[in-house]
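The values are calculated or read from the model by the stated rules, or taken from the named source; none is laboratory data. All of these numbers come straight from a predicted model, not from anything done at the bench. Here the Cβ positions follow ideal geometry from the backbone for every residue, glycine too, while neighbour counts run over all protein chains shown.
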Amino acid sequence: MNFDQAREQMVEEQLHARGIHDERVLAAMRRVPRHLFVETALQRRAYDDTPLPIGQDQTISQPYMVALMSVLLELKGHERVLEIGTGSGYQAAVLAELGSPLAALGAIGWVWWRNRPRGPGDPEETMTAFRRFGSALASRPEDHRRF
């Protein structure tokens with residue numbers, strides 16, 4: 001499967017065609033590889049117009065909802081963003097692509113860890129955005145700018 005092509009099709013058919021016209025948000029959605037935020041078994045469905053399960057009765061949000069929420073924030077790049085309930089980390093990655101300093105908190109750390117972005121090399125070196133603090137995970141803004 002060509003994930004780059006699927007991602008571009010998602011942006012054009014699910015987002016732009018349904019009224020998402022903020023070029024910064026569309027560009028962020030083009031850059032963040034959603035298939036890396038879901039389990040390997042679900043990667044072929046990563047760009048479908050639907051939420052997908054990530055464990056603990058949670059889902060990664062439908063791409064349209066991620067784009068819509070990002071547009072509604074009207075971020076210009078100088079605001080500080082705190083995301084609570086990070087889940088897979090996909091929304092946080094999209095927001096980080098918009099250039100605002102971002103901190104993300106998630107209470108169920110293993111959900112993110114199991115669904116973390118994967119790439120060449122050690123997984124901890126691939127994306128070390130999340131640090132454990134008691135029963136929550138927190139991230140540093142500079143760690144999100146990896147895509």
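Values computed for the structure shown
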read-out: Criterion (over 24 Å from residue 105 (Cα atoms), of a type in the set (Lys, Arg) and either surrounded by fewer than 17 Cβ atoms within 10 Å (Cβ to Cβ) or touching a Lys or Arg at 6+ places or on another chain (Cβ under 9 Å) (or both)) met by exactly one of 80, 44; value: 44
read-out: Options 6, 41, 17, 67; residue that is in contact with a Phe, Trp or Tyr (Cβ under 6 Å, 6 or more places away or on another chain) and either among the hydroxyl-bearing types (Ser, Thr, Tyr) or not in a loop (DSSP other than H, G, I, E, B) (or both); value: 6
read-out: Selected residue (criterion: surrounded by the most Cβ atoms within 10 Å (Cβ to Cβ)) from residues of region 1-19 that are free of Cβ contacts under 8 Å to residues at least 12 places away in the same chain, on the phi < 0 side of the Ramachandran plot and of a type outside the set (Asp, Glu); value: 16
read-out: Residues being of a type in the set (Gly, Ala, Ser) and not in a helix (DSSP H, G or I) - total across region 70-102; value: 7
read-out: Residue within region 48-62 that is in a helix (DSSP H, G or I) and at pLDDT 85 or above present; value: no
read-out: Residue within region 53-64 that is surrounded by 16 or more Cβ atoms within 10 Å (Cβ to Cβ), under 22 Å from residue 17 (Cα atoms) and either charged (D, E, K, R) or more than 11 Å from the chain's Cα centre (by Cα) (or both) present; value: yes
read-out: Enumeration of residues in region 20-38 that are touching a residue at least 12 places away in the same chain (Cβ under 8 Å) and assigned to a helix (DSSP H, G or I); value: 24, 25, 26, 27, 28, 29, 30, 31, 34, 35, 36, 37
